[in-house]
Amino acid sequence: MPLAVVPTPIGNLEDITLRALRTLREADAIACEDTRRTGRLLAHYEIKRSLVSYHEHNEERLAPELAERARFEKVALVSDAGTPLISDPGYRLVRACIEAGVEVEVLPGPSAAMTALVASGLPVDTAVFLGFLPRKGRERTVLLDRIKREASTFLLYESPHRLAKTLKDLPAETPVAVCRELTKLHEEVFRGTAGEAAEHFAEGVRGEVVLAIRGGTAAEPTNFEEVVARARGYVADGESPSRAAARAAKEAGQKRGEVYDRLVNS
Ligand code: SAM
């Protein structure tokens, strides 16, 4: 028997497929994050099945057990909303099934990231999903730097409290779309620049948010001093002067040694 990965609505309860409903109805067990929340969803569709609580704190322990169970019984996996595994539990269970030779059947369905990408009005040719951006530290700096330099559309799950800070961490002219409360009553898609969005949401924002960002708009350094300034920025982020000089020089096609000399001697 396969493990069935079943996406559920991200707001609007009509966004569930006939196949998802049939799969849930036929399941011997449904693994879910919050049994009360999934219980409400199932009650809405008049489905009564046994629920197993499977969340980030017990998934390591439960994944092999559930994978074993999926050999003989129909096990379905859902998360609180949207597609399991996508910034939600489930990866370990899918891995455990693959390793145990249990088939994994993935049903297509709602995900806030894909909905936001399409709604954003930003190019869809190359899209990069980053999940939740780290709150601070070097990993955040590196990702923000990547966004500034890479010509792709980036999709971020963003907490409403941190939206303003992330918008301010981007160059003001960066094209963005703030996709809020998708498929819900107060759905809003704000399209503009990061500067405009920061102003629009200056009073704060409520609800769930996906931030879509068109990357690659930061001006490349055009002269030697700007390359050295970029290297200085990398040092400030924690890189050694020699690595920072090598990186900035490579990015701008300059000589590593010259950038390094100026960096350490000025
Ligand atoms: N697995 C889910 C999916 O496939 O979209 C995502 C789960 S993640 C824990 C929750 C985040 O997804 C929220 O903080 C928000 O960034 C985004 N999100 C979920 N529903 C949303 C909605 N209706 N509108 C905007 N963003 C949403």
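List the number of the failed condition for E258; all other conditions in (1) farther than 23 Å from T174 by Cβ; (2) free of Cβ contacts under 8 Å to residues at least 12 places away in the same chain; (3) not small (G, A, S) hold.
Going through (1) farther than 23 Å from T174 by Cβ; (2) free of Cβ contacts under 8 Å to residues at least 12 places away in the same chain; (3) not small (G, A, S) one by one, E258 breaks only (2).
When only residues in segment 198-234 that are aliphatic (A, V, I, L, M) and under 20 Å from F129 (Cα atoms) count, which is surrounded by the fewest Cβ atoms within 10 Å (Cβ to Cβ)?
Start the filter on segment 198-234 by keeping residues that are aliphatic (A, V, I, L, M), which leaves 198, 202, 205, 209-213, 218-219, 227-229, 231.
Add one more test, that the residue is under 20 Å from F129 (Cα atoms), and what stays is 209-213, 218.
On the way: V209: 24, V210: 25, L211: 25, A212: 25, I213: 28, A218: 16.
So the residue we want is A218.
Which condition number does K148 fail, the rest of (1) crowded, with 22+ Cβ neighbours inside 10 Å; (2) closer than 24 Å to V118 by Cα being met?
If we test K148 against (1) crowded, with 22+ Cβ neighbours inside 10 Å; (2) closer than 24 Å to V118 by Cα, just (1) comes out false.
Show me the helices (runs of 4 or more DSSP H) entirely contained within segment 28-123 in which 2 or more residues are free of Cβ contacts under 8 Å to residues at least 24 places away in the same chain and surrounded by 15 or more Cβ atoms within 10 Å (Cβ to Cβ).
Numbers: elements: 35-44, 59-72, 91-100, 112-120.
Output list reads 35-44.
Among the residues of segment 72-83, write down those that are within 15 Å of the ligand (Cβ to nearest atom) and either basic (K, R) or touching a Cys at 6+ places or on another chain (Cβ under 9 Å) (or both).
Applying the first criterion (within 15 Å of the ligand (Cβ to nearest atom)) to segment 72-83 yields 77-83.
Those that are within 15 Å of the ligand (Cβ to nearest atom) and either basic (K, R) or touching a Cys at 6+ places or on another chain (Cβ under 9 Å) (or both): L77, V78, S79, D80.
Just to be sure I understand, how many residues within segment 192-208 are over 11 Å from L167 (Cα atoms) and within 15 Å of the ligand (Cβ to nearest atom)?
4
Just to be sure, is D145 over 30 Å from R71 (Cβ atoms), more than 16 Å from the ligand (Cβ to nearest atom) and not in a helix (DSSP H, G or I)? Break it down into steps so the answer makes sense when it comes.
Values: over 30 Å from R71 (Cβ atoms): yes; more than 16 Å from the ligand (Cβ to nearest atom): yes; not in a helix (DSSP H, G or I): no.
So D145 does not fit the description; no.
If you take the residues in segment 151-168 that are more than 16 Å from the ligand (Cβ to nearest atom) and surrounded by fewer than 16 Cβ atoms within 10 Å (Cβ to Cβ), which one is nearest to G207 (Cα to Cα)?
K168
Computed from the coordinates by the stated procedures, all read-outs in this text should not be read as laboratory data. Everything quoted here is computed from the prediction, not taken from an experiment. Every residue, glycine as well, gets a Cβ built from its backbone with ideal geometry; the counts of neighbours run over all protein chains shown.
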